[in-house]
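One structure is given below, encoded as structure tokens.
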Amino acid sequence: MTASEARRRFAAAPVARLATADGAGRPHLVPIVFAVAGDTVLSAVDDKPKRTTQLRRLRNVAENPAVALLVDHYEEDWSALWWVRADGTARVLVPGGDDAVAAVALLSERYAAYARRPPRGPVLAVAVSRWSGWRAAE
């Protein structure tokens, strides 16, 4: 799979899994909704109930900005299987800053729930350095 096909498939997926690791290398994996702008994947901390607003993914990025994101497609017809991974470097955008406002606008265009109630928390911006993937059939 080419990098451009991987990016296209990734961008069309409704949800991804974000893998971060803390400074000691302990992994953390969570599902996220996202938007893609070129080679940047954007996700925001929204208002869904959480135990804390100091999310582990944000703390991990502060300690270790290397991340991976994964989307996949499964069905019983295994010839239709595929997955795409985006490897990159993440940073946290401050809510209300120009980059964060633009990211929230993209997310609000993509997800109806965000159009009704835009996320107000920090935005995670991942600069993707490598798009890779696999598909069962050519």
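Consider Leu42 carefully, then state whether it is among the hydrophobic types (A, V, I, L, M, F, W, C), in a strand (DSSP E or B) and either open to solvent by 70 Å² or more (accessible area, probe 1.4 Å) or touching an Asp or Glu at 6+ places or on another chain (Cβ under 8 Å) (or both). Taking the combined requirement at face value, the residue does not satisfy it.
Look at (1) hydrophobic (A, V, I, L, M, F, W, C); (2) touching a strand residue (DSSP E or B) at 6+ places or on another chain (Cβ under 7 Å); (3) modelled with pLDDT under 95 and you find that Trp78 fails only one, number (2). Across segment 12-24, what is the number of residues that are open to solvent by 50 Å² or more (accessible area, probe 1.4 Å), more than 14 Å from Leu70 (Cβ to Cβ) and part of a loop (DSSP other than H, G, I, E, B)? The qualifying residues number 2.
Looking only at segment 67-114, filter to residues that are part of a helix (DSSP H, G or I) and among the aromatic types (Phe, Trp, Tyr); which one of those is least open to solvent (accessible area, probe 1.4 Å)? The selected residue is Tyr114.
Leu93 meets each of the listed conditions (1) touching an Asp or Glu at 6+ places or on another chain (Cβ under 6 Å); (2) within 20 Å of Ala13 (Cα to Cα); (3) free of Cβ contacts under 8 Å to residues at least 40 places away in the same chain apart from (2). Number of residues in segment 53-66 that are assigned to a loop (DSSP other than H, G, I, E, B) and open to solvent by 60 Å² or more (accessible area, probe 1.4 Å) equals 2. Which of the residues that make up segment 115-138 are among the charged types (D, E, K, R), touching a residue at least 24 places away in the same chain (Cβ under 8 Å) and assigned to a loop (DSSP other than H, G, I, E, B)? Scanning segment 115-138 gives Arg117, Arg120.
Name the residues in segment 119-135 that are open to solvent by less than 60 Å² (accessible area, probe 1.4 Å) and over 22 Å from Asp87 (Cβ atoms), would you? Of everything in segment 119-135, those that are open to solvent by less than 60 Å² (accessible area, probe 1.4 Å) and over 22 Å from Asp87 (Cβ atoms) turn out to be Pro119, Gly121.
The values are calculated or read from the model by the stated rules, or taken from the named source; none is laboratory data. Since the structure is predicted, the reported quantities are computational estimates derived from the model, not experimental observations. As a convention, Cβ positions derive from the backbone with ideal geometry for all residues, glycine included, and neighbour counts pool all protein chains shown. Accessible surface is based on the protein model in full, side chains and every heavy atom, while ligands, DNA and RNA are left aside. Shrake-Rupley method; radii C 1.70, N 1.55, O 1.52, S 1.80 Å.
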